[in-house]
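Derivation of every value follows stated rules applied to the coordinates shown; laboratory data play no part. Just so it is clear, the model here is predicted, and its values are computed rather than measured.
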Amino acid sequence: MKTVKLAILGLVLLVSYHCKEAKKESEENAKEVMADSSEKFSLVKDSTKVGFTAYKTTEKLPVGGKFMKIDITKSESGSTAMDAMNGTAFTIPISSLFTNDGTGTRDPKIIEFFFGAMKNTALISGIFKVSEDGKPSIDVTLNGVTENIPLESEKASDTAYTFTGVMNLENWDALEAVASINKACEALHTGKDGISKTWSEVAVQAEVLLEKSE
């Protein structure tokens, strides 16, 4: 009987010990969460970079470019990087286009025959969005049309992200602009098969840098 009582007492002490340890661990985790929640993320001004890859010829040869100026018109801080970016609004001046063309003729042609064939294209505007399940996207306004581009994200660090997506220009009623630039660059967009083609699919990329404070 005495042995049974000692066994029961040992079991009670063991359970009590583990409960205290679990409570201690829970309290420590709660402190860590509270410490994390006190951190604030915000976009670093003038750090965002936006690039794109267009395609020509039936072989789908890539033509890369970027915009040298991105104006953030609305930005808030948040307890996470995604919270801070959610709702961020921006505009991109078309005049800041740069495709690193040595001849100096490509950029003016794109501005005149592609963007110039659309409505209200002095600026591209957009809003970065994060869904309830954490998926990022951007609403882009171009040619008087606003459509959404789903994005994939790559996290380099807590404060550095790269986002990629695909813009199908037919969604922005921009196929006439695609035909316009293809005609202006017909010879350059003609492949080995003798067919001139400019694709309506454009890959987009953005690099975003944030800062963290407490």
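The 3J(HN,Hα) values that the Karplus relation (6.51, -1.76, 1.60; θ = phi - 60°) gives for the stretch 144-152 are, in residue order, x, 10, 10, 9, 9, 10, x, 10, 9 Hz. Gly and Pro appear as x. As a size descriptor, the averaged projected area of the C-alpha convex hull of the stretch 57-118 was calculated at 6.5 nm².
Hey, which of these cross-link pairs are over 18 Å Cα-Cα: 60/119; 60/155; 66/192; 60/135; 45/74?
On the way: 60/119 27 Å; 60/155 29 Å; 66/192 27 Å; 60/135 29 Å; 45/74 11 Å.
Violating the 18 Å Cα-Cα cut-off are 60/119; 60/155; 66/192; 60/135.
Amide H contacts of residue 166: 204, each under 5 Å away and 5 or more positions distant or on a separate chain (H built 1.01 Å from N in the peptide plane; Pro and chain starts excluded).
Grouping the Cα pair distances of the stretch 126-214 into 5 Å bins from zero gives a pair-distance distribution of 3, 12, 17, 18, 15, 12, 10, 7, 4, 2, 1, 0, 0 percent in increasing distance order.
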